[in-house]
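Colleague: Before anything else, here's the structure in question.
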Amino acid sequence: EDQVTQSPEALRLQEGESSSLNCSYTVSGLRGLFWYRQDPGKGPEFLFTLYSAGEEKEKERLKATLTKKESFLHITAPKPEDSATYLCAVLNQAGTALIFGKGTTLSVSS
Amino acid sequence: DVKVTQSSRYLVKRTGEKVFLECVQDMDHENMFWYRQDPGLGLRLIYFSYDVKMKEKGDIPEGYSVSREKKERFSLILESASTNQTSMYLCASSLRTPGQNNYGYTFGSGTRLTVV
């Protein structure tokens with residue numbers, strides 16, 4: 001069964017305190033792993049797509065990496081405006097739709 | 001700016017009512033999706049569509065139906081609303097062909113439905 005598991009469920013950081021969010025997945029033949037950001041009361045906003053092990057992508061303070069079993073979203077020197085829920089998803093085996101993890105809620109305090 | 005627009009941000013309906021949630025996208029995307037999002041359960045796929053008049057069941061289709069009469073519009077129908085359908089409903093669209101940087105879904109802002 002295709003599955004996505006994110007950890008931790010919640011993460012509290014001080015401004016400037018770097019950390020990583022984890023996304024582990026089980027899908028036969030990965031066709032794409034996606035990271036989204038969701039602010040309260042809004043729809044998810046697309047961040048990155050990763051396709052093969054060893055691939056990395058960066059955007060401002062965020063860097064996403066991919067291995068054969070998991071992906072990490074590294075947050076370097078976070079700011080309060082990085083506070084949000086971060087969602088990970090994979091394309092299902094049939095290639096028809098995304099399967100989402102339950103998300104990690106990040107809170108960054110100044 | 002490209003958009004996915006959901007007709008209502010907040011909706012309150014009574015048990016047993018027939019409820020229509022509307023979604024319109026202006027990006028000429030082939031694929032459209034309906035998810036519901038609940039605390040502790042994440043996003044779960046209800047239905048999706050790859051073309052006009054075409055629909056496929058997702059993981060939790062029971063109690064729902066959909067309609068796609070035009071490419072830009074995808075409607076979710078709750079045939080007889082129940083309290084366990086109280087949730088945040090999210091519509092999304094995407095291009096048909098997976099590819100670098102263009103397969104990511106574009107989501108609407110969501111409709112928070114309360115059934116009383």
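Table: residues versus (1) buried (at least 21 other Cβ atoms within 10 Å of the Cβ); (2) free of Cβ contacts under 8 Å to residues at least 60 places away in the same chain; (3) charged (D, E, K, R).
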position	(1), (2), (3)
B:R44	no, yes, yes
B:I77	no, yes, no
B:M88	no, yes, no
B:G108	yes, no, no
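Colleague: Within region A:44-95, track down each residue that is assigned to a loop (DSSP other than H, G, I, E, B) and without any contact (Cβ under 8 Å) to a residue 40 or more places away in the chain.
Modeller: Matches in region A:44-95: A:Y51, A:S52, A:A53, A:G54, A:E55, A:E60, A:R61, A:T67, A:K68, A:S83, A:A94.
Colleague: Here is a further query. May I ask you to verify whether A:G41 is of a type outside the set (V, I, T), on the phi > 0 side of the Ramachandran plot, within 13 Å of another protein chain (Cβ to nearest Cβ) and free of Cβ contacts under 8 Å to residues at least 60 places away in the same chain?
Modeller: yes
Colleague: Look through A:F72, A:F100 and report the one residue that is of a type in the set (F, W, Y) and surrounded by fewer than 21 Cβ atoms within 10 Å (Cβ to Cβ).
Modeller: A:F72
Colleague: Here is a follow-up. If you take the residues in region B:30-49 that are more than 8 Å from chain A (Cβ to nearest Cβ) and out of contact with any Lys or Arg (no Cβ under 8 Å at 6 or more places or on another chain), which one is nearest to B:S87 (Cα to Cα)?
Modeller: Taking the candidates together, the pick is B:P39.
Read-outs throughout are calculated quantities, based only on the coordinates presented, and are distinct from any laboratory measurement. These figures come from a predicted structure and were not determined experimentally. FYI the Cβ positions are ideal-geometry reconstructions off the backbone, even for glycines, and counts take in every protein chain you see.
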